[in-house]
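Before any comments, here is the structure.
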Amino acid sequence: MGRRPDVALSVRCGKAEMEFGILGPLEVRNGAAPVRVPGAKERALLVDLLVNAGRVVPADRLVEDLWGERPPGNPANTLQGRVSALRRALGPAGGGLVTRAPGYLLEAGSEQVDAGRFERLVAEAMALGPAERPRAAKLLEEALGLWRGPALAEFADQPWAQAGRPGWRSCAWPPPRRWSSCVWPPAGTPGWWGSWRGW
């Protein structure tokens, strides 16, 4: 199966269009131009928010994720500083990182990062009937083609990263030659999907 470039759907934050990839090393693009996010904490913060895109992540949880058992002296102010630095790095799109009690929210739906696209493609394939196997196969191939390396590669050893959604977290790198190497479809899925085993 040939690889295709990683594709993440564009997310409009303010006047900018940003693309985010987490199925591999963190990748941020503004159109065709890569966006550099300096600082390990800022990168970890962005990935944490992307894993939870569209949902508020409590500030105390972010502090725990970023600093573990060794939090800074003033956790709330230090976290706020990291958030401000991340907003600056994202430029105009930084307006999509909003403060919302009890923490922070990245205004991007699950479709707006490559992991969300992966989940949608798999769901579309699973919804097709036996007569549409060729189309389903193409959708699954496209889904696997989104992977550029291990998911959340830079932070794979962090507990918060390991708790990502099981559907895409369980697919190993390099991508499997056969779809059955992933947990999708979930064990016990009824119907004709059982015949995909070994494809």
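The values are calculated or read from the model by the stated rules, or taken from the named source; none is laboratory data. Here the structure is a predicted model, which means the values were calculated and not measured. All Cβ positions, even for glycine, are placed from backbone atoms using ideal geometry, and neighbour counts span all protein chains on display.
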* First in segment 123-141 and within 21 Å of S110 (Cβ to Cβ), second anywhere and at pLDDT below 85 and surrounded by 15 or more Cβ atoms within 10 Å (Cβ to Cβ), Cβ under 6 Å, 6 or more apart -> M126/P185; L140/W179
* State whether one or more residues within segment 159-181 are among the charged types (D, E, K, R), surrounded by 14 or more Cβ atoms within 10 Å (Cβ to Cβ) and at pLDDT 85 or above. => no
* Close pairs from segment 34-63: first under 12 Å from E107 (Cα atoms), partner among the charged types (D, E, K, R), Cβ under 7 Å, at least 6 apart -> V56/R100; V57/D48
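Quick one: in segment 37-57, which of the residues that are of a type in the set (K, R) and touching a helix residue (DSSP H, G or I) at 6+ places or on another chain (Cβ under 7 Å) is surrounded by the fewest Cβ atoms within 10 Å (Cβ to Cβ)? Talk me through it step by step, then tell me what you get.
Of all residues in segment 37-57, those of a type in the set (K, R) come to 41, 43, 55.
Cutting the leftovers down to touching a helix residue (DSSP H, G or I) at 6+ places or on another chain (Cβ under 7 Å) gives us 41, 43.
Numbers: K41: 16, R43: 19.
My answer is K41.
Which of the residues that make up segment 85-100 are of a type in the set (D, E, K, R) and under 16 Å from A44 (Cα atoms)? Don't jump to the end; show me each part of the working.
Initially, segment 85-100 is screened for residues of a type in the set (D, E, K, R), giving 87-88, 100.
Correct list: R87, R88.
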* To do: Can you work out which of the residues in segment 94-108 that are in contact (Cβ under 8 Å) with a residue 24 or more places away in the chain and among the hydrophobic types (A, V, I, L, M, F, W, C) is surrounded by the fewest Cβ atoms within 10 Å (Cβ to Cβ)?
  => A101
* Asked: Quick one: how many residues across segment 109-147 are crowded, with 16+ Cβ neighbours inside 10 Å and more than 12 Å from the chain's Cα centre (by Cα)?
  -> 13
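When you scan segment 72-94, do you find a residue that is among the β-branched types (V, I, T) and within 13 Å of the chain's Cα centre (by Cα), even just one? Write out each step before concluding.
Our first condition is that a residue be among the β-branched types (V, I, T); within segment 72-94, this holds for 78, 83.
Now restrict to residues that are within 13 Å of the chain's Cα centre (by Cα): none.
There is no residue in segment 72-94 that is among the β-branched types (V, I, T) and within 13 Å of the chain's Cα centre (by Cα).
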